[in-house]
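Undergrad: Submitted below is the structure of interest, expressed as structure tokens.
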Amino acid sequence: DIQASAKFYRDVLGLQPVPVPDDLKAIRAWFKIGESQQIHLLAGRTEPVVNDRNGSHFAVFVENIDQTEAFLKKRNLTYHLQVRFDGVKQIY
């Protein structure tokens, strides 16, 4: 669901949208990550994707993990918090 996914990346993660050509807007959403990278959301997958703490994922670094957890709680978003073997907190 490109629209629901785009809303998450824009409104929850706060990523800046990148313009998509008019003929691709219904099936694509692009976002700026950092200074020179982008994430591209693409419609049309026919196989399920598992994005959980044991599956494939990409990482986003945050300045304050406790503030990030409070942000998720305030919005009633589901997440999993764990402490890595070296003491680093992670949220999935």
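The values are calculated or read from the model by the stated rules, or taken from the named source; none is laboratory data. Keep in mind that this is a model prediction, so the values were computed, not measured. Counting neighbours? That spans all protein chains shown, and the Cβs are built from the backbone with ideal geometry, glycine included. The accessibility values were calculated without ligands, DNA or RNA, using every heavy atom of the protein model including side chains. Shrake-Rupley method; radii C 1.70, N 1.55, O 1.52, S 1.80 Å.
Undergrad: Assess whether Arg45 counts as being open to solvent by 70 Å² or more (accessible area, probe 1.4 Å), basic (Lys, Arg) and part of a loop (DSSP other than H, G, I, E, B). Quick ask: steps written out before the conclusion?
TA: Numbers: open to solvent by 70 Å² or more (accessible area, probe 1.4 Å): yes; basic (Lys, Arg): yes; part of a loop (DSSP other than H, G, I, E, B): yes.
When the stated conditions are applied, Arg45 passes them.
Undergrad: Additional query: Which number in (1) surrounded by 12 or more Cβ atoms within 10 Å (Cβ to Cβ); (2) in a loop (DSSP other than H, G, I, E, B); (3) among the small types (Gly, Ala, Ser) marks the one condition that Ala26 misses?
TA: It fails just one condition, (1).
Undergrad: Which residue out of Gly14, Gly34 is open to solvent by less than 60 Å² (accessible area, probe 1.4 Å) and within 10 Å of the chain's Cα centre (by Cα)?
TA: Within the list Gly14, Gly34, the selection yields Gly14.
Undergrad: Return the residue satisfying two criteria in turn: it lies in the range 59-74 and is part of a loop (DSSP other than H, G, I, E, B) and within 15 Å of the chain's Cα centre (by Cα), and of such residues it is farthest from Gly14 (Cα to Cα).
TA: Per the stated criteria, the residue is Ala59.
Undergrad: Please go through the range 21-36 and pick out each residue that is under 10 Å from Ile2 (Cα atoms), at pLDDT 90 or above and of a type in the set (D, E, K, R).
TA: Arg28
Undergrad: A follow-up question, please. Return yes or no: is Gly55 open to solvent by less than 60 Å² (accessible area, probe 1.4 Å), in a loop (DSSP other than H, G, I, E, B) and at pLDDT below 90? I'd like the intermediate steps shown before the answer.
TA: On the way: open to solvent by less than 60 Å² (accessible area, probe 1.4 Å): yes; in a loop (DSSP other than H, G, I, E, B): yes; at pLDDT below 90: yes.
So Gly55 passes the test.
Undergrad: Residues of the range 58-73 being surrounded by 10 or more Cβ atoms within 10 Å (Cβ to Cβ) and modelled with pLDDT under 90, which ones?
TA: Hits for the range 58-73 are Val60, Val62.
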